[in-house]
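Contents: one structure, followed by commentary.
Where a number appears in this text, it was derived from the coordinates with a stated rule and is not lab data. Source: prediction; values computed, not measured. Using ideal geometry, Cβ is built from the backbone for each residue, glycine included, and neighbour counts are taken over all protein chains shown.
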Amino acid sequence: MSRAEGFSTRCIHAGEAPDPTTGAHGVPLYQNVTYAFETNGQVEAMRGGERPHFTYSPRGNPTVRCFELKMADLEGTESSVALNSGMAAISGALLTLLSDGGHVVASDQLYDLTRAFLREDLPSYGGSANFVDLSDASAIEDAITTETRAIYAEPFSNPLLRVTDVRMLAEIARKNELLVIVDNTFLSPALLRPVHLGADIVIHSATKYLSGNGQVQGGVISGPRRLIERIRSRALHLGTALSPFAAWLLLAGIHSLPLRMQRHSENAFHLASVLAAHPAVEAVHYPGIESDPGHELAKSLVGPGDDRFGGMIAVSLAGGREVFGPFLDSLRLCTIAVSLGDSSTLVWPWHCGNLVRVSTGLEDFPDLEADLVQALNGVIPVAAVM
Ligand SMILES: Cc1ncc(COP(=O)(O)O)c(C=O)c1O
């Protein structure tokens with residue numbers, strides 16, 4: 001697929017072609033584990049690299065391969081490797097790049113399991129991490145040591161939606177010969193292609209927006225071929241390959257990714273605006289609205305004229321944690337559930353502070369608005385009513 005084609009076209013066609021043996025339109029689900037050779041000569045030719053041949057599904061599967069080709073095309077990288085969860089992708093990439101004494105300067109705003117992996121697991125494999133406010137260039141420079149190999153960030157962080165300047169990270173990384181690794185789960189390649197901003201490696205929990213329906217657990221890493229192949233062989237040892245069925249669902253999910261991200265973004269923008277004006281809300285964290293401190297930076301990341309900032313919103317409730325119960329229990333349409341990127345709106349009380357995270361779904365906006373506003377109306381602090 002030519003990268004001159006439009007993004008939606010590539011979401012549908014990249015990595016896909018009618019099946020050469022049957023003509024099946026749409027990538028078939030190759031759910032088998034092993035692959036037959038007709039002769040020992042073919043085995044020898046495969047081993048000698050003269051004749052490519054699938055051998056054993058975790059080492060390579062046609063359905064998974066199509067998903068990987070599509071992702072590399074969408075991210076604008078040489079290669080991609082698909083794994084069985086977002087955490088498998090994060091841990092697989094970081095172990096490969098850091099486990100022999102490497103150090104990473106990591107954002108102090110990260111998904112909690114990523115932070116836990118960096119703190120609790122990476123050191124026992126020989127790597128180390130510092131957590132730094134990535135909006136502060138001098139703090140980043142100060143944290144770089146002779147062992148540092150990478151800077152790690154979420155452009156829109158989970159859960160607080162803090163915005164990170166990927167271009168600035170790339171400049172610092174270039175000067176210091178480091179890699180920039182980005183977890184782009186919250187935005188998806190439909191809204192942000194970090195490699196265009198200078199990142200080297202892009203990671204997704206495919207469980208979220210790439211799937212879009214909450215049916216798949218998966219992860220994917222995209223980047224230069226030499227690094228992706230090192231990560232692939234580490235993942236093979238760790239047994240974390242993506243299943244063909246998951247890849248097959250992801251291929252279908254990505255066909256509608258741009259349309260879904262458009263609708264998620266529109267719903268989230270309208271919702272954030274309504275929430276920001278509601279007396280039961282202390283603060284709204286959504287880089288798409290002007291009052292958000294990350295708005296200007298977010299605009300510069302997604303590109304001029306683009307007004308799509310994704311579906312994730314975090315809300316601090318004015319009544320504090322005490323109103324989590326009455327607020328959440330009175331929701332009728334939105335679901336109390338962790339995870340994100342689903343077609344339905346998921347609302348989750350965060351474990352610290354008074355923060356509720358909203359993964360805005362694809363419902364009709366007036367229905368979403370009505371549900372959240374009626375739930376918020378029940379938890380307006382007395383002081384705000386008087
Ligand atoms: C930003 C981010 N990265 C990575 C992950 C991990 O993904 P998975 O649950 O597929 O392992 C999550 C999960 O919520 C996430 O929010």
So, A82, is that one surrounded by 14 or more Cβ atoms within 10 Å (Cβ to Cβ), within 21 Å of Q217 (Cβ to Cβ), touching a helix residue (DSSP H, G or I) at 6+ places or on another chain (Cβ under 9 Å) and not β-branched (V, I, T) or not? yes
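Sort through A137, A129 and tell me the only one that's more than 16 Å from the ligand (Cβ to nearest atom) and either within 15 Å of the chain's Cα centre (by Cα) or more than 30 Å from H255 (Cβ to Cβ) (or both). Write out each step before concluding.
Working: A129 fails: more than 16 Å from the ligand (Cβ to nearest atom).
Criteria check complete, one pass: A137.
Select from the range 129-152 the residues that are among the polar types (S, T, N, Q) and over 20 Å from D183 (Cβ atoms) and list them in ascending order.
Of the range 129-152, the ones among the polar types (S, T, N, Q) are 130, 135, 138, 145-146, 148.
Across the range 129-152, the qualifying residues are S138, T145, T146.
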All but one of (1) away from the ligand (no atom under 16 Å from the Cβ); (2) outside any strand (DSSP E or B) hold for D121; state the number of the condition that does not hold. (1)
Would the range 372-382 turn up any residue that is within 28 Å of the chain's Cα centre (by Cα) and of a type outside the set (V, I, T)? yes
Residue pairs meeting the criteria (Cβ under 8 Å; at least 6 apart or on separate chains; first closer than 10 Å to Y35 by Cβ, in the range 47-60; second hydrophobic (A, V, I, L, M, F, W, C) and loosely packed, with under 11 Cβ neighbours inside 10 Å): Y56/V33; S57/V33
Subset of the range 320-345 (residues that are buried (at least 20 other Cβ atoms within 10 Å of the Cβ) and either part of a strand (DSSP E or B) or hydroxyl-bearing (S, T, Y) (or both)): T345
Flagged in the range 96-118 as more than 11 Å from the ligand (Cβ to nearest atom) and of a type in the set (D, E), in numbering order, are D100, D108
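Going by what's in this entry, would G198 be described as within 18 Å of the chain's Cα centre (by Cα), of a type outside the set (D, E) and on the phi > 0 side of the Ramachandran plot? Steps first, please.
Details: within 18 Å of the chain's Cα centre (by Cα): yes; of a type outside the set (D, E): yes; on the phi > 0 side of the Ramachandran plot: yes.
Answer is yes for this residue.
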Where a residue in the range 69-95 is more than 17 Å from D112 (Cα to Cα) and within 15 Å of the ligand (Cβ to nearest atom) and its partner, wherever it lies, is in a loop (DSSP other than H, G, I, E, B) and among the hydrophobic types (A, V, I, L, M, F, W, C), with Cβ under 7 Å and at least six apart: A82/L242; L83/L242; N84/L242
Residues satisfying the stated conditions in the range 283-301, i.e. over 23 Å from Y111 (Cβ atoms) and either in contact with a strand residue (DSSP E or B) (Cβ under 7 Å, 6 or more places away or on another chain) or surrounded by fewer than 17 Cβ atoms within 10 Å (Cβ to Cβ) (or both): E290, S291, E296, S300
Six or more apart or on different chains, Cβ atoms under 6 Å: show the pairs whose first residue is in the range 326-342 and within 13 Å of S359 (Cβ to Cβ) and whose second is within 12 Å of the ligand (Cβ to nearest atom). T335/L346; A337/L346; V338/W348; L340/K208; L340/S359; G341/K208; G341/Y209; D342/G214
Can you go through H237, H264 and tell me which one is within 16 Å of the ligand (Cβ to nearest atom) and out of contact with any helix residue (DSSP H, G or I) (no Cβ under 8 Å at 6 or more places or on another chain)? H264
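Quickly run through the range 302-317 and pick out the residues that are touching a strand residue (DSSP E or B) at 6+ places or on another chain (Cβ under 7 Å) and under 15 Å from A190 (Cα atoms).
Matches in the range 302-317: G310, G311, M312.
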